[in-house]
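Notes for the one structure printed next.
The values are calculated or read from the model by the stated rules, or taken from the named source; none is laboratory data. As the structure is a prediction and not an experimental result, all values here were calculated from the model. Positions of Cβ are generated from backbone atoms using ideal geometry, with glycine treated the same way; all protein chains shown enter the neighbour counts.
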Amino acid sequence: MEYILTAEEMRLADEFTSQKLHVPSNVLMERAALSLYEALKERDILKKNMRILILAGPGNNGADGIALARILAEGGFEAELIFPKGRDSLNESGRNQLEALLALDPKAEERTGSLLKGEEYDLVVDAIFGNALNRPLEGVYLEAVRSINDLHDKGAFVCAVDIPTGINATDGHVCGMAVSADLTVTFAFKKLGNVLYPGAGFCGEVVVKNIGITRRSLVKKPSCFALEPEDITLPERIRYSNKGTYGKVLLIAGSENMAGAAVLGALSSLKSGCGMVRVYTNEKNRVILQETVPEAIVSTYDETAPEAGLEDCFNWCDVVAMGPGLSRSNAASAIVKYVLMHTDLPVVADADALNIIADEPDILTSSNSDVVITPHVGEMSRLTGISKRDIADHLPETATDFAKSYNVTCVLKDARTVIAGSDGRICINLNGNSGMATAGSGDVLTGIIASLLAQGMDAFSASFMGCAIHGKAGDRASEKLSEAPVIARDIINEIR
């Protein structure tokens, strides 16, 4: 597990390291510059006689860039330094780093200026602004960003220090314009702006380097985290077990002419390790389900009394998942409301179940179940009345507010899926790809989360692990097929 920090959390960690752990800020700066140099060397970016440009801003980010220029000089590389607002704008650390550079390499004075020249470079280092930027760029800084992007378009490799200039480190917003980087070397921890879109799209490859700010430096435990690749796994199996050991999923899915969602949900639940799946669906789906998922039990309902068979199902299962392909018919509405009001089993609500709940969201607070909701941005807009644009711009806040208000676990799906617990914890899922933007992908996720709940995970853990397994399977599918041809069944086939 890795923590993902806001700009303020990172500032406090930096301050704590210097003041309480007695690691001087100039030591942290030196290690940051060395980390940048190492990252460039590790990727074989530094070449003899290459043209290097470093743009250094007025704060510590700029000082890191100047320190990198000195380390490059020690390694036999010459870098041109540009200060967008002139060297008088440098803070004390920047001025000290510049003195050290000029003491080592007096000729660097000739390669130092305040205006960008109309020349081409092989490597450009963006050290203008770091995590503190929270307002639109303007003036010489806006021009500097525009110039960096022009050089990038001409073939220069662009490396950003901590976060590309123009990206808000706390929410990933673009402050008017942002540097488009090929590599971002960030220090100690990833920042939310490194992983949330649109900011993540400007970072290129993100590498985290240790500079002496560790978990001991955190003033309080950050609320936001992500799983690392080695953390993503299906629950362990035990030798002395049977199908009952791994739980039973009741999947309420499908309607007339919509059997596919039930098929995908059932298959993904079984592939994720639960012992048994029972599909509660429209009678017209029986034959399709029995032919495509013979491992599942099929129960059907009468449209005039759709709740009639649910109590028997509740007595049989360990978890209820509902919504995929269910429709918004009167029968579907009656089923969703009955489930929320008449069982205390864990419930996963997706797709049409969410659209039904949107008409009466307070029904969630009346439920005795641990409820997981899995809306995409459009469904979340219907649930909250907030515009899709505002939700997409504030994924963690929207998911957290809803989870706390309605005492649910919220899996808010977008290019980055945010999982929020009712206790304020937030997980951001970092894997997955555009190939998963395909019909039925959400039904697969619902099945995985339900399966993990049936196997004994709590709602929050099943949700973030389910998203990670889903994304990992999608990545495996895209590695085999490329992204465009991936369909939902390909994701299911890669669950392992």
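Would segment 226-235 turn up any residue that is in contact with a Phe, Trp or Tyr (Cβ under 6 Å, 6 or more places away or on another chain) and either in contact (Cβ under 8 Å) with a residue 60 or more places away in the chain or not hydrophobic (A, V, I, L, M, F, W, C) (or both)?
Taking segment 226-235 first, the residues in contact with a Phe, Trp or Tyr (Cβ under 6 Å, 6 or more places away or on another chain) are none.
No - not one qualifying residue is present in segment 226-235.
Identify the residue in segment 276-334 that is of a type in the set (S, T, N, Q) and under 15 Å from M258 (Cβ atoms) and, among all such residues, is nearest to the chain's Cα centre (by Cα). Before you say what the answer is, go through the steps one by one.
Of all residues in segment 276-334, those of a type in the set (S, T, N, Q) come to 281-282, 285, 290, 292, 299-300, 304, 315, 327, 329-330, 333.
Subset that is under 15 Å from M258 (Cβ atoms): 281-282, 285, 292, 300, 327, 329.
Working: T281: 34, N282: 36, N285: 36, T292: 34, T300: 38, S327: 30, S329: 34 Å.
Within segment 276-334, the match that is nearest to the chain's Cα centre (by Cα) is S327.
If you go through segment 32-55 one residue at a time, how many are part of a helix (DSSP H, G or I) and either in contact (Cβ under 8 Å) with a residue 60 or more places away in the chain or not hydroxyl-bearing (S, T, Y) (or both)? Lay out the reasoning, then the answer.
If we filter segment 32-55 for residues that are part of a helix (DSSP H, G or I), which is where we start, we get 32-42.
Filter once more, so that each one left must be either in contact (Cβ under 8 Å) with a residue 60 or more places away in the chain or not hydroxyl-bearing (S, T, Y) (or both): 32-36, 38-42.
Number satisfying all stated conditions: 10.
Which of the residues that make up segment 133-147 are under 27 Å from the mean Cα position of the chain (by Cα) and of a type in the set (A, V, I, L, M)? Break it down into steps so the answer makes sense when it comes.
Narrowing segment 133-147 to residues under 27 Å from the mean Cα position of the chain (by Cα): 133-137, 145.
Once the filter is applied, which keeps residues that are under 27 Å from the mean Cα position of the chain (by Cα) and of a type in the set (A, V, I, L, M), segment 133-147 yields L133, L137, V145.
Regarding segment 373-391, can at least one residue be identified that is assigned by TED's automatic domain parsing to the domain that holds V277 and farther than 30 Å from V174 by Cβ?
no
Quick grid of which residues meet (1) in a loop (DSSP other than H, G, I, E, B); (2) touching a residue at least 60 places away in the same chain (Cβ under 8 Å):
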{"site": "E99", "(1), (2)": "no, no"}
{"site": "A103", "(1), (2)": "no, no"}
{"site": "K107", "(1), (2)": "no, no"}
{"site": "E110", "(1), (2)": "no, no"}
{"site": "E120", "(1), (2)": "yes, yes"}
{"site": "V124", "(1), (2)": "no, yes"}
{"site": "G130", "(1), (2)": "yes, yes"}
{"site": "N134", "(1), (2)": "yes, yes"}
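Looking at this structure, is S422 surrounded by fewer than 23 Cβ atoms within 10 Å (Cβ to Cβ), within 24 Å of D362 (Cα to Cα) and more than 19 Å from the chain's Cα centre (by Cα)? Even if it seems obvious, please write down each step before you answer.
Values: surrounded by fewer than 23 Cβ atoms within 10 Å (Cβ to Cβ): yes; within 24 Å of D362 (Cα to Cα): yes; more than 19 Å from the chain's Cα centre (by Cα): no.
Here the answer is no, as S422 does not meet what is asked.
A quick yes/no check of all residues on (1) crowded, with 21+ Cβ neighbours inside 10 Å; (2) assigned by TED's automatic domain parsing to the domain that holds P84; (3) among the charged types (D, E, K, R):
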| residue | (1), (2), (3) |
| --- | --- |
| E9 | yes, yes, yes |
| A32 | yes, yes, no |
| R51 | no, yes, yes |
| I54 | yes, yes, no |
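Out of the residues in segment 442-496 meeting the condition of being over 17 Å from the mean Cα position of the chain (by Cα), of a type in the set (G, A, S) and in a helix (DSSP H, G or I), tell me which one is nearest to S422 (Cα to Cα). Full working, then the answer.
First, the residues of segment 442-496 that are over 17 Å from the mean Cα position of the chain (by Cα): 443-444, 446-459, 476-496.
After this cut, where a residue has to be of a type in the set (G, A, S) as well, the list is 447, 450-451, 454, 456, 459, 477-478, 482, 484, 488.
With in a helix (DSSP H, G or I) added as a condition, the list becomes 447, 450-451, 454, 459, 477-478, 488.
Numbers: G447: 22, A450: 18, S451: 21, A454: 20, A459: 10, A477: 33, S478: 33, A488: 30 Å.
Restricting to residues being over 17 Å from the mean Cα position of the chain (by Cα), of a type in the set (G, A, S) and in a helix (DSSP H, G or I), the top hit is A459.
Looking at segment 56-76, which of the residues that are in a helix (DSSP H, G or I) and out of contact with any strand residue (DSSP E or B) (no Cβ under 8 Å at 6 or more places or on another chain) is surrounded by the most Cβ atoms within 10 Å (Cβ to Cβ)?
First, the residues of segment 56-76 that are in a helix (DSSP H, G or I): 60-74.
Those still in the list that are out of contact with any strand residue (DSSP E or B) (no Cβ under 8 Å at 6 or more places or on another chain) too: 60, 67, 70-71, 74.
On the way: N60: 24, A67: 28, R70: 22, I71: 18, E74: 11.
By that ranking, first place goes to A67.
Provide a single number: the residues in segment 191-201 that are surrounded by fewer than 24 Cβ atoms within 10 Å (Cβ to Cβ) and touching a residue at least 12 places away in the same chain (Cβ under 8 Å).
If we filter segment 191-201 for residues that are surrounded by fewer than 24 Cβ atoms within 10 Å (Cβ to Cβ), which is where we start, we get 195, 197-198, 200-201.
Retained after the next criterion (residues that are touching a residue at least 12 places away in the same chain (Cβ under 8 Å)): 195, 197-198, 200.
Qualifying residue count for the region: 4.
Restricting attention to segment 216-238, report how many residues are surrounded by 12 or more Cβ atoms within 10 Å (Cβ to Cβ) and part of a helix (DSSP H, G or I).
2
Tally time: how many residues in segment 146-173 are assigned to a loop (DSSP other than H, G, I, E, B), aliphatic (A, V, I, L, M) and crowded, with 23+ Cβ neighbours inside 10 Å?
Keep residues of segment 146-173 that are assigned to a loop (DSSP other than H, G, I, E, B), which gives 154-156, 162-166, 168-173.
Now drop any that are not aliphatic (A, V, I, L, M), which leaves 156, 163, 169.
If we keep only those that are crowded, with 23+ Cβ neighbours inside 10 Å too, we end up with 163, 169.
Number of matching residues: 2.
Tally the residues that are surrounded by fewer than 21 Cβ atoms within 10 Å (Cβ to Cβ) and touching a residue at least 60 places away in the same chain (Cβ under 8 Å), restricting the search to segment 15-28. Let's see the steps before the verdict.
We begin by selecting, within segment 15-28, every residue surrounded by fewer than 21 Cβ atoms within 10 Å (Cβ to Cβ); these are 15-16, 18-28.
Checking the rest, the ones that are also touching a residue at least 60 places away in the same chain (Cβ under 8 Å) come to 16, 21, 23, 25-28.
Looking only at that region, the number is 7.
Consider segment 343-365. How many of its residues are within 22 Å of D312 (Cα to Cα) and either among the β-branched types (V, I, T) or out of contact with any helix residue (DSSP H, G or I) (no Cβ under 7 Å at 6 or more places or on another chain) (or both)?
Summing the residues that are within 22 Å of D312 (Cα to Cα) and either among the β-branched types (V, I, T) or out of contact with any helix residue (DSSP H, G or I) (no Cβ under 7 Å at 6 or more places or on another chain) (or both) in segment 343-365 gives 4.
In segment 239-295, what residues are of a type in the set (A, V, I, L, M) and outside any helix (DSSP H, G or I)? It would help to see each step written out before you state the result.
Start the filter on segment 239-295 by keeping residues that are of a type in the set (A, V, I, L, M), which leaves 249-253, 258-259, 261-264, 266-267, 270, 276-277, 279, 287-289, 293.
Across segment 239-295, the qualifying residues are V249, L250, L251, I252, A253, M258, A259, M276, V277, V279, V293.
Would you point out which residue out of N257, N242, N282 is out of contact with any Cys (no Cβ under 9 Å at 6 or more places or on another chain), on the phi > 0 side of the Ramachandran plot and not assigned by TED's automatic domain parsing to the domain that holds P24?
Working: N242 fails: on the phi > 0 side of the Ramachandran plot; N282 fails: on the phi > 0 side of the Ramachandran plot.
One residue alone meets the criteria, N257.
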